[in-house]
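Asks: Sharing a structure below in structure tokens format, with a few things to ask.
None of the figures in this text is laboratory data; all of them are computed from the coordinates on show. Please read all numbers here as calculations on a predicted model, not as lab measurements. Every residue, glycine as well, gets a Cβ built from its backbone with ideal geometry; the counts of neighbours run over all protein chains shown.
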Ligand code: AMP
Ligand code: GLY
């Protein structure tokens, strides 16, 4: 069948890489894609939120499956758009409906869902500008540090963690009355701080059945030792060494099953990925957030470990037949290191020529922010390449990633040299 992947990052290059290995895929398209996807698929110059443009190419190219990478088009209702259009209804779209995507699109909605279905999470209350004073009073009842979350999508920047009560009150006011995160912070969730170690669990669900995919841990800060500004992610490891069977059983029983069951009882059309951000506190798992898509760079370590045919898995998801599929996983560990543009996550330059990709032998180079310019691969984003390696344990894998990165170069190139340091 002909398949279209929506997006242009490392996550989408990894999807395309796995899909292109499937015998089930005839023609593969990526919109808008990058220089990496151009080598294994046909890139189409269409934005992920241009639903009419997407419709046109889906019809023109007889595309039977669309795999949505980022959250934006999901929150904007791409699944509902396909379902409502007589020319698109037959197309399998992997990704939740708009109401399902609200689990990521609204922190308050996610908290209500967790409360409704008894899913362990931090205690919380939410506030608007009308209830600003009540919000300040609520802060007084909590112990520091204080966790403030903009309700809506804020490009991963909408969470503030503050040690000082007065600062927390001031930031609450900035968010609610001075639109610190624009419309995303017209509502703010204040929650109890959980002290523990984070991990991510990925679930593929058809709304009825589910498969738990490999776990991963990402490294969000720009600097060594988890310091400096937050980024989209500077590297990742899979599996997470401390996610043992006991913890995974708790996660499946207390979190994954009630989540899928909650989608079912609320009649939410959800055929796609659930990325559950978790924190382990005294060996007990709590949900920090839901995302309605795969993570990036987590995909670059999770997917290379999936040995089942990805198209079979995605088709079973779309057709609500995941119960008929066995998920096969490579036991080896995978690590990825993000190579970024100097200056990221603040201002950085693009268009730097990248050399050495063809010399990498013992790792897979996934393109994140790249483009082709006069036949050459150039940087085209903050996060540029993700270098993924597999080996019997994560220490060996990470060593390979770092050996292979040495072969890459471009002006201002930067990467963290300590991915996995805390494990
Ligand atoms: P989120 O966007 O909800 O994933 O939050 C961003 C980051 O803030 C998370 O990855 C955690 O490191 C941290 N965080 C969020 N909520 C809490 C919480 N209740 N307690 C401690 N840390 C939190
Ligand atoms: N790496 C975190 C995310 O994709 O949200």
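Asks: In units of 2.2 N^0.38 Å, what is the alpha-carbon radius of gyration of the range 213-353?
Replies: 1.19
Asks: Here is a follow-up. Could you tell me the distance between the Cα centroids of the range 122-170 and the range 50-119, to the nearest Å?
Replies: 30 Å
Asks: Ranking 319, 400 by Cβ neighbours within 10 Å, fewest first, what do you get?
Replies: Details: 319 12, 400 18.
Going from least to most buried by this count: 319, 400.
Asks: Whole Å is fine, so just give me how far the alpha carbon centre of the range 175-241 lies from that of the range 294-315.
Replies: 19 Å
Asks: Something else about it: Once every DSSP H run of n ≥ 4 in the chain is given -39500 (n - 2.57) and the sum is divided by its residues, what mean residue ellipticity at 222 nm do you get, rounded to the nearest 500 deg cm²/dmol?
Replies: Taken over the chain, the calculation gives -7500 deg cm²/dmol.
Asks: Give me 24, 11, 332 ranked fewest to most by other Cβ atoms within 10 Å of their Cβ, as a rough exposure proxy.
Replies: By the 10 Å Cβ count, ascending, the order reads 24, 332, 11.
Asks: What shape does the range 223-277 have by the C-alpha gyration tensor, where a ≥ b ≥ c are the square roots of the eigenvalues, rounded means a/c under 1.5, and otherwise prolate means a/b greater than b/c and oblate the rest?
Replies: Oblate, because a/c is 1.5 or more while a/b does not exceed b/c.
Asks: Taking a point 7 angstrom from the Cα of residue 320 along the C-beta vector, which residues in the range 255-293 have backbone N less than 13 Å away?
Replies: The answer is 264-271, whose backbone nitrogens lie closer than 13 Å to the label point.
Asks: Then there's this: Would you please classify the overall shape of the range 331-380 from the alpha carbon gyration tensor, given that a ≥ b ≥ c denote the square roots of the eigenvalues, rounded means a/c under 1.5, and beyond that prolate means a/b larger than b/c while oblate covers the rest?
Replies: Oblate is the answer for the range 331-380, as a/c is 1.5 or above yet b/c matches or exceeds a/b.
Asks: Any idea what the relative contact order of the range 26-73 is, in percent, if you count C-alpha pairs under 8 Å spaced at least 6 apart?
Replies: Computed value for the range 26-73: 27 percent relative contact order.
Asks: Using the count of nearby Cβ atoms within 10 Å as a rough guide to exposure, how do 410, 421, 15, 138 rank from fewest to most?
Replies: If I rank by nearby Cβ atoms, fewest first, I get 421, 138, 410, 15.
Asks: Another question, if that's okay. Once you sort the root eigenvalues of the Cα gyration tensor of the chain as a ≥ b ≥ c, which label holds: rounded (a/c under 1.5), prolate (a/b larger than b/c) or oblate (the other case)?
Replies: rounded
Asks: Sequence gap at least 6, Cα distance under 8 Å: using those rules, report the relative contact order of the chain to the nearest whole percent.
Replies: Relative contact order here is 17 percent.
Asks: Here is a further query. Treat each spin label as a single point 7 Å out from the Cα along the C-beta direction, and report the residue 21 to residue 265 distance in nm.
Replies: 3.9 nm
Asks: Moving to a separate point now. Given R₀ = 25 Å, FRET efficiency for residue 412-residue 361 by Cβ-Cβ distance, to 0.05?
Replies: Working: r = 25 Å, r/R0 = 1.01.
Once rounded, the FRET efficiency stands at 0.50.
Asks: Points 7 angstrom from Cα along the Cβ direction at residue 40 and residue 141: gap in nanometres?
Replies: Going by the 7 Å Cα→Cβ label model, 5.1 nm.
Asks: Compare 388, 186, 335 in a GNM of the chain, Cα atoms joined below 10 Å, and give the one with the largest fluctuation.
Replies: 186
Asks: While we're looking at this one, here's another question. Using a Förster radius of 41 Å, what is the FRET efficiency between residue 116 and residue 166 based on their Cβ-Cβ separation? Nearest 0.05, please. Provide the component values of the computation, followed by the final result.
Replies: Numbers: r = 34 Å, r/R0 = 0.83.
After rounding to 0.05, the efficiency reads 0.75.
Asks: Continuing with the same structure: Distance in nm between label sites at residue 157 and residue 87, each 7 Å beyond Cα in the beta-carbon direction?
Replies: Between residue 157 and residue 87, the simple spin-label model gives 3.8 nm.
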